[in-house]
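K.L.:
Once you've had a glance at the structure underneath, I'll fire off some questions.
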């Protein structure tokens, strides 16, 4: 299993391939000329930004904070991982 931090160090082509092979598609949104697909990969969320032709990926982005999920809050219910408190 890969962490979001490790994922972010990978080349974008490898990131996209990993998401498409192992990620679970959740939802999409449109922003300007891009269709943005949201995936769940292991224990974090990832966005794939498809350009206007819907074939070219312009950006792969691991979402590492909850505010990054705000654009999805009105249209889907997301489960946010909880962090254990230090005992």
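All of the numbers you see were taken from the coordinates with simple rules; none came from a lab. On a predicted model such as this, the values are computed, not experimentally measured, just so you know. Glycine gets a Cβ as well: all are built from the backbone with ideal geometry, and neighbour counts include every protein chain shown.
K.L.:
Provide, for q = 0.15, 0.16, 0.23 Å⁻¹, the log10 of I(q)/I(0) from a solvent-free Debye sum over equal Cα point scatterers in the chain.
P.N.:
Relative scattering, expressed as log10 I(q)/I(0), comes to -0.56, -0.63, -1.23.
K.L.:
Another question about this same structure. Hey, rough spin-label estimate for residue 6 and residue 66, points 7 angstrom out along Cα→Cβ, what's it come to in nanometres?
P.N.:
2.6
K.L.:
Can you compute the label reach from residue 42? Point 7 Å from Cα along the Cβ direction, backbone N cut-off under 16 Å, restricted to region 1-27.
P.N.:
Taking a point 7 Å out along Cα→Cβ of residue 42, the residues of region 1-27 whose backbone N falls under 16 Å are 1-12, 14-24.
K.L.:
Roughly how tilted is helix 12-22, in degrees to the nearest 10 and between 0 and 90, from the longest Cα axis of the chain?
P.N.:
70
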